[in-house]
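**Student:** Have a look at the structure that comes next, please.
The values are calculated or read from the model by the stated rules, or taken from the named source; none is laboratory data. All values reported here derive from a predicted model rather than from experimental measurement. Because the Cβ atoms are built from the backbone with ideal geometry, glycine has one as well, and the counts that use them run over all protein chains shown. Heavy atoms of the whole protein, side chains included, go into the accessibility calculation; ligands, DNA and RNA do not. Shrake-Rupley method; radii C 1.70, N 1.55, O 1.52, S 1.80 Å.
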Amino acid sequence: MKLAIVYSSISGNTEELAQLLLEHFKRKGLDVNCYRVEEFPIHSILNFDGLLIGTYTWGDGEVPLEMLPLLHELAGNSRKNLVTGVFGTGDRFYPKFCGAVDAFRDSLKYTTNLAVTLKIELSPQNVDMEKIGVFVERIVERLGVPV
C-alpha cells in the first residue's frame, strides 16, 4: 500500500503532526511519502492507495490558499477507491476550530473513501497520542492492511 501525506503548515504545528503520522505509518511497514502541498505532484494522486491531508485553518475557518488546488482537484473528480484522512491543528480560541479540516471532510466524503479526521489543539502533545494512534489504525483498517 502506497500512502502520501500532503500538508501545509504556517506555525509548524501541522508539519509536526504530519511528521508524527509519517513515523507511525512507517512503523506499520507502509510505503509512505510526506510532501509539503507546494511540492506534491497533484497529477500523481492515482499512484497512491491512500492520501492523508494536513491543513491549518486560516482566517475565520477557511482553507489556506495553497491548499485550494488540492481541494478542487479532489472535489472535482470521484475517486471512491482512494482512502483519505484529514488532519489539522488549530486554536479553540477561534469560532471555527480547524474549519479547514471540516471543509476537506465535507468535500472528500462524497468523492473519496474518507476514513477519518483528526483535529489537534495547537501543537501535538502527549495527550494527543491516543487520537493519533486511532487515526493511523482507521486508515490501516480502511486500506485492508493486515495487522
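Yes or no, residue by residue, for (1) part of a strand (DSSP E or B); (2) on the phi > 0 side of the Ramachandran plot; (3) not hydrophobic (A, V, I, L, M, F, W, C):
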{"position": "D60", "(1), (2), (3)": "no, no, yes"}
{"position": "M67", "(1), (2), (3)": "no, no, no"}
{"position": "L74", "(1), (2), (3)": "no, no, no"}
{"position": "K80", "(1), (2), (3)": "yes, no, yes"}
{"position": "T84", "(1), (2), (3)": "yes, no, yes"}
{"position": "F87", "(1), (2), (3)": "yes, no, no"}
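**Student:** Please find, among V134, V147, the residue that is surrounded by fewer than 15 Cβ atoms within 10 Å (Cβ to Cβ) and at pLDDT below 95.
**Tutor:** None of the others qualify; the one that does is V147.
**Student:** Okay, next question. Out of all the residues in the stretch 33-83, which are hydroxyl-bearing (S, T, Y), farther than 22 Å from G144 by Cα and surrounded by fewer than 16 Cβ atoms within 10 Å (Cβ to Cβ)?
**Tutor:** If the condition is that a residue be hydroxyl-bearing (S, T, Y), farther than 22 Å from G144 by Cα and surrounded by fewer than 16 Cβ atoms within 10 Å (Cβ to Cβ), then Y35 is the only one that fits.
**Student:** What pairs come out if I take residues in the stretch 91-119 that are closer than 19 Å to E16 by Cα and touching a residue at least 40 places away in the same chain (Cβ under 8 Å) and pair them with residues that are open to solvent by 30 Å² or more (accessible area, probe 1.4 Å) and of a type in the set (A, V, I, L, M, F, W, C) whose C-beta lies under 6 Å away, six or more apart or interchain?
**Tutor:** none
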